[in-house]
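**Q** Attaching a single structure in structure tokens format; questions to follow.
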Amino acid sequence: MGLAHRILFSVVVIMGGCALAQPPLSRAAPAPIVSKATNTKLVVTPQASPQLAEGEFFNANGTKASLSDLLATAKSYDYILIGETHNVACDHIVQAKIIAALAESGMRFTVGMEMFAQEKQPQLDAVNNGKVSLAEFPTKVDWKDAWGFSYSLYEPIIEEIYAHKIELYALNFPFEIAKKIGDDGMESLTPEERKYLPKNHIPSMEAQEEDLTRIHDKHVELMTEGKDDPKAAEVAKKSLAHYRKRFFLIQSMWDTGMAEQAMAIRKKTNLPIVILTGTGHVEHGWGISYRLSKLDPDAKVLLIVPWRNREPIVAERGHIQFYCPLTKQSRLGFTLRMEGDGATILDVKDKSAAHTAGFLAGDNIVKVSGMDVDSMMTLHRAGVKAAKEGKDMVFTVIRDGKECTISMPVPEHPHRK
């Protein structure tokens, strides 16, 4: 597979695993809430105000819920799935808060994380046996190589796991295996690699595949738009679309594999398990929950997902939602929050690409490469476009009420190899 194929495959799989949503809830979750008057999904937008605090909880119908309400509900469930966007710090703070509250309530449970491949379980067993200190944790588990997001984002979670002596388990299979399937198909895997795959692969339901198709095709368009030769663009589209079925396969393998691992852990420990994973594996009940409904049909599955202040609450996304504005910790070195008129920089990491380019906390990015910044996807699109063309990203920034322009090279992505 060429470089463009590899970039698309990595981006689509990462985006697909963490940012999709539309199919209905599975049997493992309650039926969708509908409005009797319109026979449509109940959509509720809580009034965002200065009093609306990050980390507040809501019931599926949009009414506020307390942490005590969440605890009372969670205690009767076998699987507690908590979704996240991997680079949103607020999501991880809420996950840590829920874990701490469950433990302090006297509930005994384990934690399973998408962030660890099964091959890392020996290192996690050493953690569970008290042989690894909290300070040693990121080094002993090879965090930097195992997961592509900063350890600082996940540190609040790990601190609570250590504080309450909660056993930690790996749920995923190695990313390199997914990449190999995308490159050369299932037949390219060795017997050693196959042992990490789910034993009873459960394909995605139709509604999920429809949404995966939308995401995949959007990225195909992104990778091929602007080509000077229309015939070359068409050939590239067909070539990239050829990998769509493999993308579907990997997504369903991930969901099935994590469900199998979670079920095995629950049966081994005889304890409920809290699962931390991308929101796309949780919301609407079509990911891990759908597979659990097939593998462990008598179990109860609780879905907890983030709600963003720019989106309405949709009742069937999850049983409980928590408010976290969409804040992105970018690999470019700044932390961003979407506002009504662009993306505001909350923090700039020292010696990062953003710091070197001259960005400052408080800057408001209103355009990038000529496009209005109305979502994080705009920044993503601009980054892919700049990388493809070999050009710098050009930002239009409002600083102290004045407009200025900042150019910045696009750093190499760790998965673009």
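The values are calculated or read from the model by the stated rules, or taken from the named source; none is laboratory data. Since this is a predicted model, take the numbers as computed values, not measurements. Neighbour counts run over all protein chains shown; Cβ positions are idealised from the backbone, glycine included. With ligands, DNA and RNA removed, areas are computed over all heavy atoms of the protein, side chains included. Shrake-Rupley method; radii C 1.70, N 1.55, O 1.52, S 1.80 Å.
**Q** Looking at L67 and the list (1) modelled with pLDDT of 95 or more; (2) surrounded by fewer than 22 Cβ atoms within 10 Å (Cβ to Cβ); (3) closer than 23 Å to G287 by Cα, which single condition is not satisfied?
**A** Failing condition for L67: (3).
**Q** Can you tell me which residue in the stretch 92-131 is farthest from P325 (Cα to Cα), limited to those that are hydrophobic (A, V, I, L, M, F, W, C) and in contact with a Ser or Thr (Cβ under 9 Å, 6 or more places away or on another chain)?
**A** F109
**Q** Among the residues of the stretch 119-142, is any out of contact with any Gly (no Cβ under 7 Å at 6 or more places or on another chain), under 16 Å from G278 (Cβ atoms) and not β-branched (V, I, T)?
**A** No, the stretch 119-142 has no match at all.
A quick yes/no check of all residues on (1) out of contact with any Lys or Arg (no Cβ under 7 Å at 6 or more places or on another chain); (2) surrounded by fewer than 18 Cβ atoms within 10 Å (Cβ to Cβ); (3) in contact (Cβ under 8 Å) with a residue 60 or more places away in the chain; (4) aliphatic (A, V, I, L, M):
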{"site": "V111", "(1), (2), (3), (4)": "yes, no, yes, yes"}
{"site": "E114", "(1), (2), (3), (4)": "yes, no, yes, no"}
{"site": "L124", "(1), (2), (3), (4)": "yes, no, no, yes"}
{"site": "V127", "(1), (2), (3), (4)": "yes, no, no, yes"}
{"site": "V132", "(1), (2), (3), (4)": "no, no, no, yes"}
{"site": "K144", "(1), (2), (3), (4)": "yes, yes, no, no"}
{"site": "G148", "(1), (2), (3), (4)": "yes, yes, yes, no"}
{"site": "L153", "(1), (2), (3), (4)": "yes, no, yes, yes"}
{"site": "H164", "(1), (2), (3), (4)": "yes, yes, yes, no"}
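**Q** Taking only the stretch 316-364 into account, find how many residues are modelled with pLDDT under 85, more than 20 Å from the chain's Cα centre (by Cα) and within 20 Å of G55 (Cα to Cα).
**A** 1
**Q** Taking into account only those residues within the stretch 266-297 that are open to solvent by less than 10 Å² (accessible area, probe 1.4 Å) and hydrophobic (A, V, I, L, M, F, W, C), which is farthest from A170 (Cα to Cα)?
**A** W286
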